[in-house]
Protein chains: 2
Amino acid sequence: MAITPKKNQYALRAIFELAKYLGQGPKKISEIAEAQAIPMRFLEVILGQLKGSGWVDSKRGFYGGYFLKCSPKEITVGDILRFLQGPSKQAECVACISKGDCPFDGQCAFAPMWNKVDAAMFKIYDETTIDDLIKMEKKNIDREKI
Amino acid sequence: MAITPKKNQYALRAIFELAKYLGQGPKKISEIAEAQAIPMRFLEVILGQLKGSGWVDSKRGFYGGYFLKCSPKEITVGDILRFLQGPSKQAECVACISKGDCPFDGQCAFAPMWNKVDAAMFKIYDETTIDDLIKMEKKNIDREKI
DNA sequence: ATATTTCTCGACTTTTTTAGTCGGGAAGTT
DNA sequence: AACTTCCCGACTAAAAAAGTCGAGAAATAT
C-alpha cells in the first residue's frame, strides 16, 4: 500500500527535517539521512533535485549543508509532490490505461472516478503544510511522555 | 499519474464489461479483451485470478466464456481493488517507507496524513458501484448523440 | 598553501514490480 | 473426432524505482 514512491517520501522527510532546524544554519546531508532513515547517497540525488524547486538551498564546505529558503507554513505536501511529479506527468490523463492516446477517448466511464480520487488525494496534500507535520510530531512526542 | 496499476484497471474494466452483458450468457475472453482494449493473454490471467473472488465464474467450450455471479449494484470498485490487493498488502502500514519494520514506529509524523489519503481514496472507491459506472457510460453516450 | 569537509554532477548498477507471453492440457459443443 | 474456449503454470520482457560510485568544485580550517 505505498501511496507514493519512496523517493517522494524521502523528499518530504528531508524538507521536513530541514524545516525543523530552520534558522540554525545548514544541515549536512549525512545528518538528514540519519535522522530520517534515508540512504545517504540516494538523498544526495534527491536534495539535488529539490534545489531546482527554489524551496531549498545549499552551501558547500566545512559548515556546509542544506537549508530551507521558505516558511514551513507556506509550503504544502501537495506543492512538493507536484514538483517531484514534473509537468509532463501531470498533463497525462489520470484515468487512462495507456500513456498518450486513450482507447476510450473522452467517453471513458472510469474517468470521473479517477479524477475524483486524484482530487481527493490532493485536497489532503494541499491542506497539509510542513508546519502541520512538525506540529503533529510534537503532539506525538508529548503523548509519549505521559 | 497512474493512480492504480494497469492490471487493476483491466480487472475493473473486465468486470464492468461482464456487468454490461449480465444475463446474456457467457462472454468470451477475446470479446472482453477487444471491447476493453486489454491484451487477451494477460486478461486470461486476470480473469483467472478474479474467479477466486466469487463475483465471476466461467464456462468452457463452444458457448463458453465468463459471466458475473453478482449484481452490479452490489459490487463496488473498492471491493475489487481490495480483493486484488490481497490481505498481506492491506495489513502493511500505509505510511511506512520500509515494508515491515517502520523506523519511526508509531510516532511517525506522516502517518495520519497517509491514512487520511488512503481513507479518502477508498471512500470514493467504496461508493462507486459497477452499476454506477455503467450509468456513467450511458450518460456519456447520450451526451455524444446530441 | 594545503588538507579537510561537504556539496555536486552524471553516469552507472541493481533490484523490484509490472506487464505481458507461451505451450500444452482439460472441459464443453457440434 | 474436430473444434472451441477456458485453464494452468512457468516463463520472459520491459519499465520503473531504488540505490551506488568516482571524481570534481567550493568553502573552511589550520
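The values are calculated or read from the model by the stated rules, or taken from the named source; none is laboratory data. Bear in mind that the values here come from a model prediction, so they are computed numbers and not experimental data. Positions of Cβ are backbone-derived with ideal geometry, glycine not excepted, and every protein chain shown enters the neighbour counts. Each accessible area value is taken on the protein alone, full model and side chains, heavy atoms only, with ligands, DNA and RNA left out. Shrake-Rupley method; radii C 1.70, N 1.55, O 1.52, S 1.80 Å.
Can you report the number of residues in the range A:91-137 which are of a type outside the set (A, V, I, L, M, F, W, C), within 7 Å of another protein chain (Cβ to nearest Cβ) and open to solvent by 20 Å² or more (accessible area, probe 1.4 Å)?
The number of residues fulfilling the criteria is 7.
Just name the residue that is surrounded by the fewest Cβ atoms within 10 Å (Cβ to Cβ) out of those in the range A:48-78 that are in contact (Cβ under 8 Å) with a residue 40 or more places away in the chain and part of a helix (DSSP H, G or I). It would help to see each step written out before you state the result.
So the first thing to find is which residues in the range A:48-78 are in contact (Cβ under 8 Å) with a residue 40 or more places away in the chain, and the list is A:55-56, A:65-68, A:71-78.
Those still in the list that are part of a helix (DSSP H, G or I) too: A:77-78.
Details: A:V77: 25, A:G78: 17.
Applying the filter and picking the extreme gives A:G78.
Taking the range B:92-139 on its own, how many of its residues are of a type in the set (F, W, Y) and part of a helix (DSSP H, G or I)? It would help to see each step written out before you state the result.
Residues of the range B:92-139 that are of a type in the set (F, W, Y), as a first pass: B:104, B:110, B:114, B:122, B:125.
When the remaining residues are screened for being part of a helix (DSSP H, G or I), the result is B:114, B:122, B:125.
The total comes to 3.
Take the conditions among the basic types (K, R), assigned to a helix (DSSP H, G or I) and free of Cβ contacts under 8 Å to residues at least 24 places away in the same chain and apply them to B:R13. Does it pass?
It is false that B:R13 is among the basic types (K, R), assigned to a helix (DSSP H, G or I) and free of Cβ contacts under 8 Å to residues at least 24 places away in the same chain.
Of A:A19, A:A33, which residue is among the small types (G, A, S) and either within 10 Å of chain B (Cβ to nearest Cβ) or away from DNA strand D (no atom under 12 Å from the Cβ) (or both)?
A:A19
Matching residues to (1) within 17 Å of B:T4 (Cβ to Cβ); (2) touching a Ser or Thr at 6+ places or on another chain (Cβ under 6 Å):
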position: B:Q49; (1), (2): yes, no
position: B:G54; (1), (2): no, no
position: B:R60; (1), (2): no, no
position: B:Y66; (1), (2): no, yes
position: B:L81; (1), (2): yes, no
position: B:L84; (1), (2): yes, no
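Does A:G65 count as away from chain B (no Cβ under 14 Å), within 11 Å of DNA strand D (Cβ to nearest atom) and at pLDDT 95 or above?
yes
Any idea how many residues of the range B:17-47 are surrounded by 13 or more Cβ atoms within 10 Å (Cβ to Cβ) and either modelled with pLDDT under 95 or of a type in the set (A, V, I, L, M) (or both)?
Within the range B:17-47, residues that are surrounded by 13 or more Cβ atoms within 10 Å (Cβ to Cβ) and either modelled with pLDDT under 95 or of a type in the set (A, V, I, L, M) (or both) number 13.
When the residues of the range B:39-48 are narrowed to those that are within 14 Å of chain A (Cβ to nearest Cβ) and over 14 Å from the mean Cα position of the chain (by Cα), which ends up farthest from DNA strand D (Cβ to nearest atom)?
That would be B:P39.
Taking B:K51 as the residue in question, decide whether it is basic (K, R), near DNA strand D (Cβ under 9 Å from one of its atoms) and over 19 Å from the mean Cα position of the chain (by Cα). First the steps, then the outcome.
Working: basic (K, R): yes; near DNA strand D (Cβ under 9 Å from one of its atoms): yes; over 19 Å from the mean Cα position of the chain (by Cα): no.
In short, no.
For residues that are assigned to a helix (DSSP H, G or I), within 9 Å of DNA strand C (Cβ to nearest atom) and not small (G, A, S), tally how many sit in the range A:23-41.
5
Out of curiosity, is B:I3 part of a loop (DSSP other than H, G, I, E, B), more than 10 Å from DNA strand C (Cβ to nearest atom) and under 29 Å from A:I3 (Cα atoms)?
Numbers: part of a loop (DSSP other than H, G, I, E, B): yes; more than 10 Å from DNA strand C (Cβ to nearest atom): yes; under 29 Å from A:I3 (Cα atoms): yes.
So B:I3 fits the description; yes.
Please verify whether A:D142 is more than 8 Å from chain B (Cβ to nearest Cβ), in contact with a helix residue (DSSP H, G or I) (Cβ under 9 Å, 6 or more places away or on another chain), closer than 26 Å to A:P72 by Cβ and part of a helix (DSSP H, G or I), treating the condition exactly as stated. First the steps, then the outcome.
Numbers: more than 8 Å from chain B (Cβ to nearest Cβ): yes; in contact with a helix residue (DSSP H, G or I) (Cβ under 9 Å, 6 or more places away or on another chain): no; closer than 26 Å to A:P72 by Cβ: yes; part of a helix (DSSP H, G or I): yes.
It is false that A:D142 is more than 8 Å from chain B (Cβ to nearest Cβ), in contact with a helix residue (DSSP H, G or I) (Cβ under 9 Å, 6 or more places away or on another chain), closer than 26 Å to A:P72 by Cβ and part of a helix (DSSP H, G or I).
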